Each structure stands twice: as structure tokens, then as C-alpha cells.
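Here's the structure, in C-alpha cells; my notes come after.
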Amino acid sequence: MAGLLMLVVGLTGGIGSGKTAVSDRFAQHGVPVIDTDLIARELVEPGQPALVDIVTEFGSNCLDDDGRLHRARLRERVFADPAGRRRLEAILHPRIRAVTRERVAALTAISYCLVVIPLLAETGMTALLDRVLVVDAPEAEQIRRVMARDRIDAVQARAILAAQARRDARLALADDILENDGDFMALDRQVAALHRRYSALATHQIKTDDPG
């Protein structure tokens, strides 16, 4: 990321690929993790400008009885309406990018950080990153995980997958690919190896950029 000595690694992957399992393991190695999904949730808390803009654009029906964003209702609405999804993205994505930049810039005394961007291929946030790690999983495993997590059927799970960027589009962005087929021990080994690689790359980057 321009102007920063630390290495910024973007983590992405399709729904149900296991991004959280991977980012949690990096965190166990002491790596700071910035999750853009969590940032998005913060941005739509009551009183936040993004929520005001969403209500203006989509109406008060997208709120629950407590005045909070009714995520399922809004998701169902924009899922069936590509133009509506683009309007929602225009409200959220610039704000997410700005907050992500601020949080990366606020980190000090570290060699590298991980930024989780589930929709990296869709949002074009690669300019924030030095390197991209794609978590990949068999489609059948993705569908199984999404069905279990969201309590939906296979038809709904496949529809969600189909609405995201194609697998080959994500892989085309990858500097590194982590295969997550459900073998936790193999996942631990892959994350540990990547942590060593990123730490070494970050050390090299710092030495290269050091004017002394």
C-alpha cells in the first residue's frame, strides 16, 4: 500500500470458502486483521450517515422495529434487483474503502496486516493491497457450509454463489491460493507457512524501503 512500510495482504474468497477460519488462524499468529464485513456493519448502525442514505434510497421498510437495518429484508430486495444492488454498493463501498485505509494507516510496529475483503473481485479494492490471498474450496463444500450457516436450502445457496464473482475471476487476482477443503490440520499448516512467507516478504520490503 503506497506510503506504508508494512505489507498489506488482502484475504478474499467466495461465500462458504472459510475466510473466517483462515483469518482467525492468522490472528492467532499475532497478525492484525481488519475485516471489511465488520466495517460495513459499523457503518450501518443507527445514526450513521450510511444508514440514513440507505433509508433515503430504499425506504424505511429496510429497518426493523428498533430502527436498525433489517439485513435479511434489504438483502432479499437487492439480490433480486441488480440496479438496487449497485445503488447500495455506491453508498457503502467508498465508505468501507475510506475506513479501511484509516485503520491500516493507524497500525504501527508491525510487519504485515491482513485485510479481509469478501467481495474483492467485485469492489476493485486491490489498490489498497500489496498482495492477495484467495481462499478456495470445492463448490459442494461451499454449498454445504452456507446451508448449515444460514439455514437455507441448496437452491438458495447456489443462487448466492451465482451472484458473486466467478471462481476464475477471484483466482486471477491471487498471489497466493489457500485450499480449504475442511481438513483443519492442513489449514493450520498452510496458514503457518503463509505467515512465515509474509513475515519474510515484509522484512524484505522494509529493508528495501529504508533510506538508511
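Here, each number is a calculation from the coordinates, and none is a lab measurement. Values in this document were obtained by computation on a predicted structure and should not be read as measured data. Backbone-built Cβ (ideal geometry, glycine too); neighbour counts: all protein chains shown.
Projecting each Cα onto the charge dipole of region 38-106 (Lys/Arg +1, Asp/Glu -1 at the beta carbon, about the Cα centre), which of GLN48, ALA105, HIS70 comes out farthest on the positive side?
The residue sitting farthest along the positive end of the dipole is ALA105.
For region 131-181, what does the relative contact order come out to in percent, with C-alpha contacts under 8 Å and a separation of six or more?
68
Rank ASP35, ASP136, ASP188 by mean-square fluctuation in a GNM of the chain with C-alpha springs under 10 angstrom and give only the top-ranked residue.
Highest fluctuation among the options: ASP188.
Which number do you get for Rg(Cα) / (2.2 N^0.38 Å) in region 120-181?
Values: Rg = 12.9 Å, N = 62, 2.2 N^0.38 = 10.6 Å.
Cα-based Rg divided by the globular estimate yields 1.23.
Quick one, could you list the DSSP H helices from the chain stretching 30 Å or more along their long axis (Cα atoms) with average Kyte-Doolittle hydropathy of -0.5 or above?
In the chain, the long hydrophobic H runs are 82-106, 184-209.
With 21 Å as the cut-off, how large is the P(r) tail for the chain, expressed as percent of Cα-Cα pairs?
58
If we count every other residue with Cβ under 13 angstrom of LEU128's Cβ, Lys/Arg +1 and Asp/Glu -1, where does the sum land?
+2
Mean 1/r over all different Cα pairs, inverted: what Kirkwood radius does region 12-93 give, in Å?
Computed over region 12-93, the radius equals 14.3 Å.
Cα centroid distance between region 55-70 and region 79-146, in Å?
Centre-to-centre distance over Cα atoms comes out at 24 Å.
Any idea what the relative contact order of the chain is, in percent, if you count C-alpha pairs under 8 Å spaced at least 6 apart? Display every interim value, and only then the final one.
Working: 269 pairs, mean separation 80.0, N = 212.
Worked out over the chain, it gives 38 percent.
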